[in-house]
1. Exactly one condition in (1) in contact (Cβ under 8 Å) with a residue 60 or more places away in the chain; (2) more than 19 Å from Lys610 (Cα to Cα); (3) not in a loop (DSSP other than H, G, I, E, B) is not met by Val405; state its number.
2. Could you say which residue among Gln506, Gln479 is outside any loop (DSSP other than H, G, I, E, B) and touching an Asp or Glu at 6+ places or on another chain (Cβ under 6 Å)?
3. Given the criterion open to solvent by 30 Å² or more (accessible area, probe 1.4 Å) and modelled with pLDDT under 95, identify the matching residue among Leu196, Leu206, Leu228.
4. Say we look at segment 287-337 and pick out the residues that are in a helix (DSSP H, G or I), in contact with a Phe, Trp or Tyr (Cβ under 8 Å, 6 or more places away or on another chain) and of a type in the set (Val, Ile, Thr); which of these is most open to solvent (accessible area, probe 1.4 Å)?
5. Taking Asn124, is it open to solvent by 60 Å² or more (accessible area, probe 1.4 Å), in contact with a helix residue (DSSP H, G or I) (Cβ under 8 Å, 6 or more places away or on another chain) and in contact (Cβ under 8 Å) with a residue 60 or more places away in the chain?
6. Among the residues of segment 322-349, which ones are touching a helix residue (DSSP H, G or I) at 6+ places or on another chain (Cβ under 8 Å) and among the polar types (S, T, N, Q)?
7. Please name all residue pairs, on different chains or six or more residues apart, with Cβ atoms under 6 Å, provided the first residue is in segment 508-522 and is within 16 Å of Gly428 (Cβ to Cβ) and the second residue is outside any strand (DSSP E or B) and among the aromatic types (Phe, Trp, Tyr).
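The values are calculated or read from the model by the stated rules, or taken from the named source; none is laboratory data. Everything quoted here is computed from the prediction, not taken from an experiment. Note: ideal-geometry Cβ built from the backbone for every residue, glycine included; neighbour counts use all protein chains shown. Keep in mind that these areas ignore ligands, DNA and RNA; they rest on the heavy atoms of the full protein, side chains included. Shrake-Rupley method; radii C 1.70, N 1.55, O 1.52, S 1.80 Å.
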Amino acid sequence: MTNSANKPRYIGEVDTLRALAVLLVVLFHTYPTVAPGGYIGVDVFFVISGFVIARAYLPNLLARRISLGAFWAARFRRLSPALLLMLAVVTFLALLIIQPDKLLLYGKSLLVQPFYVQNFAFWNEGDYFDYATTKPLLHTWSLAVEEQFYLCFGLAVLFFRFASRLLLPSLFLLAFASLLLSFYIEPRSPKTVFFLLPTRVWQLALGIFAFYVAKSIGRRGAVLNHMLICGSFATIAVCGLFFFDETSPFPGPHALITCGATAIALIALDTQTRSFGPLLFTPLRYVGNISYGFYLWHWPPISLWFLAMHEEPTAPVATLLMILAFGAAALSYHYVEQPIRQRRFLATIPALRRFVIGGMVTSAGAATAIIATDGALPLYPKEVQPFFLAANDRGSYRCPKSFRVLNPEAEHCPLTDNRTAPGVLVLGDSHADVIDEMLAAVAETVELPIYLAVRDCSLGRYGKTSYCSDHVLRKVIEQGKQIGVSTVLAISFWNDEMELDELIEQTQLLIDTGLGLVIMEVVPHDHSFDPVDRARAALRTKTSPSLEGLPLNDYLKATETQRSNFAAVAEHFPGRVTVLTPSDYLCKDGLCRFHTDRIPNYTDTHHLSKTGGEVLRPMFHNLFENIRSR
């Protein structure tokens with residue numbers, strides 16, 4: 001514990017900065033068109049966290065006036081009670097609202113909460129914006145980053161107690177390395193830069209630098225400081241409201257603007273000779289005081305509404321939900337957070353430890369029960385259970401994480417143990433990913449090496465984004481040739497927006513390097529093919545789930561343009577391009593089948609389940625045998 005002599009003075013405007021950060025995040029999640037870049041509020045929070053932790057604890061930790069145990073206990077006292085309360089309430093509501101397919105996913109995200117590794121779990125599921133509204137706990141990824149930082153921060157103090165002169169140089173090198181790492185990884189894996197601590201360290205370190213800079217400057221005149229404060233606040237607000245959106249590479253070079261503005265604001269606030277009155281009015285300060293709770297409570301209502309109503313909340317509904325979230329945050333602040341921080345409850349470390357461990361065990365137990373029952377599936381009629389199960393009938397995300405970490409420059413990963421040429425490289429989006437295990441199993445039977453592209457990119461769409469650039473395609477081809485790939489298998493959710501000229505141009509690139517191309521037409525699909533929708537309809541009408549398929553002619557008519565484009569490519573490159581027609585296997589007697597023996601062939605409206613993928617096994621077996629025999 002710090003004594004009164006060592007306790008830093010309170011800076012009220014920091015709460016105003018917190019208020020700005022949380023309001024940007026809330027606006028982004030609630031009214032995304034109003035604040036398309038509001039997610040930068042999290043980056044602002046990271047810089048503030050580094051500053052506040054350094055200012056409140058670092059000198060006392062280095063001087064051994066407080067112990068590491070006391071520091072970590074203070075962090076748990078600050079963060080865990082409110083989090084555990086939110087988890088308890090949201091889990092209770094989830095059990096009432098969420099149906100098995102999404103409840104199972106919720107259980108998996110709940111299981112990792114007590115261990116503060118939820119950022120890894122969400123990273124493993126894909127991009128932050130992938131089905132975000134189906135994940136009530138998605139926003140807790142940032143709490144995991146902070147807790148991981150606090151652990152590393154405390155351990156670093158052990159070393160720098162004996163080498164204090166190395167603290168700032170080491171911190172600078174670490175922050176610089178973190179920044180370079182984020183620049184390096186962002187074009188390759190934006191979600192990695194977003195979710196994981198190593199590429200966020202520089203933001204937290206920037207807050208620590210702000211503390212040291214302010215400490216070295218000392219108190220100074222108010223006019224310049226107030227100008228810097230106003231400019232920094234305005235920069236953060238303008239960036240969140242106007243400059244950034246979901247397509248911005250973040251956190252990358254762009255994050256330097258908002259994080260730099262935050263650091264400047266913190267330095268100016270800490271060195272001012274008198275408070276800046278306009279930023280201290282009570283409403284904003286109060287929002288800043290309860291900003292942690294508001295952040296905790298603002299996202300679950302939006303997600304739970306979506307999961308219950310199956311549609312995004314309208315602006316009036318979203319406003320009402322935010323009023324409820326604000327009320328929950330205020331109650332949490334006054335009746336949970338403050339009493340525990342002020343030691344009116346859980347006054348001793350053993351009492352705090354018992355409370356936190358008990359809450360963690362309870363959360364983990366509830367999560368285990370949800371996972372073990374496939375999302376409380378036994379509570380539903382047996383005839384709809386396979387439909388809910390089908391929605392989660394997908395394998396793991398493409399390419400093992402261990403492979404991608406150990407081979408950061410690799411553009412493909414092996415799906416089979418066999419490495420003898422010729423090989424097949426599977427290129428495509430999630431439609432390729434969902435059947436990769438089946439493709440690997442088939443390739444093993446004919447002793448054919450098969451590889452999967454690391455990036456979720458489709459042929460004909462390279463050059464549209466930095467993640468799927470023309471340079472990336474050339475790198476994919478070059479690496480494929482080095483390991484003996486002879487054929488590229490392109491599988492994607494093709495649509496009529498496909499540009500034939502670009503498809504021909506990229507096919508030409510493959511042909512010129514001696515590769516053959518196999519294009520699989522999009523699988524039959526329809527808005528009615530979602531098994532969960534059919535299960536819900538059956539529950540609503542108290543009837544058996546529909547097994548109705550899609551007329552083949554409807555599928556052929558809907559895909560006429562893309563099939564014509566594929567035929568044009570095959571004609572342009574005679575003998576070098578093959579087109580596969582999955583409808584020959586998924587459609588019989590003029591009807592494209594939704595199910596196989598009453599087990600859905602689809603996980604949603606257009607992705608094949610493992611059952612549906614097995615229907616295509618003969619098609620790929622014939623293809624792979626032909627490639628192997630060449």
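1. Evaluating Val405 over (1) in contact (Cβ under 8 Å) with a residue 60 or more places away in the chain; (2) more than 19 Å from Lys610 (Cα to Cα); (3) not in a loop (DSSP other than H, G, I, E, B) leaves (1) as the failure.
2. Step by step, each of Gln506, Gln479 is checked, and only Gln479 is outside any loop (DSSP other than H, G, I, E, B) and touching an Asp or Glu at 6+ places or on another chain (Cβ under 6 Å).
3. Leu228
4. Checked segment 287-337; the qualifying residue most open to solvent (accessible area, probe 1.4 Å) is Val317.
5. It is true that Asn124 is open to solvent by 60 Å² or more (accessible area, probe 1.4 Å), in contact with a helix residue (DSSP H, G or I) (Cβ under 8 Å, 6 or more places away or on another chain) and in contact (Cβ under 8 Å) with a residue 60 or more places away in the chain.
6. Ser332
7. Hits for this filter: Ile519/Phe566; Val522/Phe493; Val522/Trp494.
Condition check ((1) farther than 19 Å from Thr559 by Cβ; (2) part of a loop (DSSP other than H, G, I, E, B)) across all residues:
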{"site": "Ser486", "(1), (2)": "yes, no"}
{"site": "Trp494", "(1), (2)": "no, yes"}
{"site": "Glu497", "(1), (2)": "no, yes"}
{"site": "Val523", "(1), (2)": "no, yes"}
{"site": "Ser528", "(1), (2)": "no, no"}
